[in-house]
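Below: the structure, in C-alpha cells.
A short reminder: the numbers here are calculations on the coordinates, not readings from a lab. Note that this is a predicted model, so its numbers are computed, not measured. Cβ placement follows ideal geometry from the backbone for every residue including glycine, while neighbour counts extend to all protein chains displayed.
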Amino acid sequence: MKSYHFFIRPGCAYPLGATYGGSGTNFALGSEVVQRVGLCIFNKEMNEERIEITECDNYIWHFYIQGLREGTQYG
C-alpha cells in the first residue's frame with residue numbers, strides 16, 4: 001500500500017462534515033459514544049490511507065489535512 005504522507009493539523013470542530021478551504025480539507029464528526037474515529041482516503045486506483053482522528057472537543061472529532069483537494073474520495 002502506498003503511503004501518502006499527509007500533513008495533518010488539529011483543525012476546527014465546526015462546521016461538521018468535510019469542508020474544503022482552498023489549501024486543504026477540514027473534517028469534523030460528532031459522536032458522544034465512540035472512543036476512536038478514523039478516516040480512509042482513497043486515490044484514483046482505490047488504494048487507501050487510514051488516518052486516526054485524535055482531536056476531540058465536546059464530542060466533536062476533528063482534524064485538517066493540508067493539501068487534500070476537493071473531489072478526493074473518503075470514507
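Restriction of the GluC sites (Glu not before Pro) in the stretch 1-57 to DSSP coil positions whose beta-carbon has at most 15 other beta-carbons within 10 angstrom yields 32, 45. Under the combined filter of DSSP loop state and at most 11 neighbouring Cβ atoms within 10 Å, the stretch 18-75 retains these trypsin sites (Lys or Arg not before Pro): 36, 44, 69. Remark on residue 68: its backbone amide H falls under 5 Å from those of 25, a criterion applied only to residues 5 or more positions apart or on other chains, H modelled at 1.01 Å from N.
Net charge dipole, the chain: roughly 200 debye, given to the nearest 20, about the Cα centre with Cβ charges of +1 for Lys and Arg and -1 for Asp and Glu.
Stretched out straight at 0.36 nm per residue, the stretch from residue 34 to residue 60 would grow longer than its current Cα-Cα span by 8.3 nm.
For semi-axes √(5λ) of the Cα gyration tensor in Å, computed directly from the structure shown, the correct entry in [x] 19, 15, 10; [y] 22, 16, 12; [z] 20, 14, 10 is [z].
Report the FRET efficiency, 1/(1 + (r/R0)^6), for residue 14 and residue 45, where r is their Cβ-Cβ distance and R0 is 35 Å, rounded to 0.05. Calculated value: 0.60.
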